[in-house]
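Just below is one structure, and these are the notes that go with it.
The values are calculated or read from the model by the stated rules, or taken from the named source; none is laboratory data. This structure is a prediction, so every number in the text was calculated from the model and none was measured. Note that we place each Cβ from the backbone using ideal geometry, even for glycine, and neighbour counts take in every protein chain shown.
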Amino acid sequence: MNMTGRVDPTPYLLVAERLHLQGENKEAIEFQRKAIELGAAGAAACLNLGVMQIAAGFVDEGIESYGKALLLEPDFQQALFNLGVVLRQQGDHLTAIYCFRRVIELDPACLNAYDSLCDCLIALKNYAAVAQTALQSINLDNGHANGYYHLGIACLEQNNLDGARTFLERAAALNADNNNIQNTLGLACLAGGELQRGWDLYERRWYKESMPMLLRRFDWPWWGGETGKVIFVWREQGIADQIMFSSMLEELAARSQKVIFACSKKLIRLMQRSLPGIQVLDLDDTLAMDAVKGIIEVQCALGSLARWLRPEVASFPKADHFLTPNPVRVAYWKNRLSSLGPERNVGICWRSGDMSGDRHWYCTRIEQWQTIFSVPGVRFINLQYDECSAELESARHHCGVTVHAFPEVDLFDDLDETAALTRALDLVITAPTTAGILAAALGVPVWMMISGFEWQHLGTAENCWYSSLVSIHRQWDQPWETILDQTAQRLADLN
């Protein structure tokens, strides 16, 4: 307490800062709030409170604190930048863009603001503005790797692979330690058919700042392509990637003493039937894992198998399928569908089950399928694997079509029964979803409507992983209705 009787807030500020640096943000918030109550009411105090709140996971409170800082000091550059970052993470790209542009007005040399502005513009698919902003950052600093990186991303999304390679190579040369840049360059290499380099750079996926993946910390040595080992292969990424990369396991088994594959629980029954010579278990099953630990010699992440088993396009087998559904259940579904009439049975999945971030740009709405639903002689079967009853009712009301749904099949968790239903279909039309990948792995003809960058063709005209999958590409500025109309005509031509 000073001579005026007021309590000095400085000790509280110092304690709050120390706790924040130690990662104890919830406790730091209380001391920071106390300091503000005692008179530390400046914009900097509000900014620091917001930083602590965001770090503790209290996002809404943090945004409010940044707002208070800007009310006190409208041109507070750090508060504008921090607010832009959190709003971008929340998906409010338009407001974030305002924040970053205002930062640039205040400090035209702030490269971080240019980078963050590019991230927002990429999310909104405004590639002309991305190029303009990235070039401005490069004009400020010709060695600014992120400027070239953002130019490369813009080119990739517009299917300009040559341009993407040029810019990404420059970015990678300028910043060899940036995992986002190196991993994206790897995908561009794969897309261009440069597989060995692409797979090597694909290993940087574990450390990407934008979307880090879980690198399992097991004690066994990493597999280096040798034969005759007991190898433990563990899942990574989502269900679709597990399915795609599992296509290499049978070949791995032929060159190994034993393969143990730890996948997601929902895939176990289907994988056990499809891979009879491989021990399949649930990676999250502690007892099952304990039972095999003593015999494992080496380990490998599922996607990393490709470095050794798919070094060139010629190493991809020409199999029509690699997953095997339950034949009894396939027969059941064929009979059940046949009882509904003689129409062609076409499964549909119009969007991803996860529509967070910018995924809405890559998926359709069921109301847009009017021309497809109008094709005669077709029975449509629902493969949308989350709650979609309102959308199915919308299709009935607006498009005049009944999309047959079988609620007794858990399309999300019971992938074995889903595989049987899918194998009974004549065709699957889908956005880039797990439903389409599962169908292709089963050998069902699949038309996948894809927007943006796709690397799985590996420099060829076809998807190298699935012989039955046909990609229908949408240009970044092309209306979905154009693609759906083309797909409807393709479907009509089958009759």
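Only one of TYR114, TYR66 is under 20 Å from GLY147 (Cβ atoms) and of a type in the set (Phe, Trp, Tyr). Can you tell me which? The match here is TYR114.
Yes or no, residue by residue, for (1) modelled with pLDDT of 95 or more; (2) buried (at least 17 other Cβ atoms within 10 Å of the Cβ); (3) under 24 Å from the mean Cα position of the chain (by Cα):
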{"site": "ARG379", "(1), (2), (3)": "yes, yes, no"}
{"site": "GLU393", "(1), (2), (3)": "yes, no, no"}
{"site": "CYS399", "(1), (2), (3)": "no, yes, no"}
{"site": "LEU421", "(1), (2), (3)": "yes, yes, no"}
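The residues listed here are GLY143, GLY152, GLY186, GLY193; of these, the one that is touching a Leu at 6+ places or on another chain (Cβ under 6 Å), in a loop (DSSP other than H, G, I, E, B) and under 21 Å from SER451 (Cα atoms) is GLY193.
When the range 131-171 is limited to residues that are of a type in the set (Gly, Ala, Ser) and more than 20 Å from GLY198 (Cα to Cα), the one that is farthest from the chain's Cα centre (by Cα) turns out to be GLY143.
Here ARG344 passes the criteria (1) within 25 Å of the chain's Cα centre (by Cα); (2) modelled with pLDDT of 95 or more; (3) among the basic types (Lys, Arg) except the one numbered (1). All of VAL51, VAL7 fail the test of being among the β-branched types (Val, Ile, Thr) and either within 16 Å of PHE76 (Cβ to Cβ) or at pLDDT 90 or above (or both), apart from VAL51.
Of LEU49, LEU14, all but one fail to be touching a Ser or Thr at 6+ places or on another chain (Cβ under 8 Å) and of a type in the set (A, V, I, L, M, F, W, C); the exception is LEU49. Looking for something under 22 Å from ARG310 (Cβ atoms), out of contact with any helix residue (DSSP H, G or I) (no Cβ under 7 Å at 6 or more places or on another chain) and modelled with pLDDT under 95 - is there at least one such residue anywhere in the range 158-179? There is no residue in the range 158-179 that is under 22 Å from ARG310 (Cβ atoms), out of contact with any helix residue (DSSP H, G or I) (no Cβ under 7 Å at 6 or more places or on another chain) and modelled with pLDDT under 95.
Selection of helices (runs of 4 or more DSSP H) fully inside the range 314-408 by the criterion of at least 3 residues being under 30 Å from ALA123 (Cβ atoms) and either not basic (Lys, Arg) or not assigned by TED's automatic domain parsing to the domain that holds ALA424 (or both) returns 370-373, 389-394. Residues that are among the β-branched types (Val, Ile, Thr) and more than 23 Å from TYR114 (Cα to Cα) within the range 48-82 comprise just one, VAL59.
When the helices (runs of 4 or more DSSP H) confined to the range 1-66 are screened for residues that are surrounded by fewer than 17 Cβ atoms within 10 Å (Cβ to Cβ), those reaching at least 3 such residues are found at 10-21, 25-37.
Can you tell me which residue is nearest to ALA191 (Cα to Cα) among those in the range 294-304 that are of a type outside the set (Ser, Thr, Tyr) and either loosely packed, with under 13 Cβ neighbours inside 10 Å or touching an Asp or Glu at 6+ places or on another chain (Cβ under 9 Å) (or both)? Ranking the qualifying residues of the range 294-304, first place goes to GLY303. Of a type outside the set (Val, Ile, Thr), in contact (Cβ under 8 Å) with a residue 12 or more places away in the chain and part of a loop (DSSP other than H, G, I, E, B): is that true of GLY91 in this structure? Answer is yes for this residue. Restricting PHE218, PHE232, PHE167 to those that are more than 30 Å from ILE268 (Cβ to Cβ) and aromatic (Phe, Trp, Tyr) reduces the list to PHE167.
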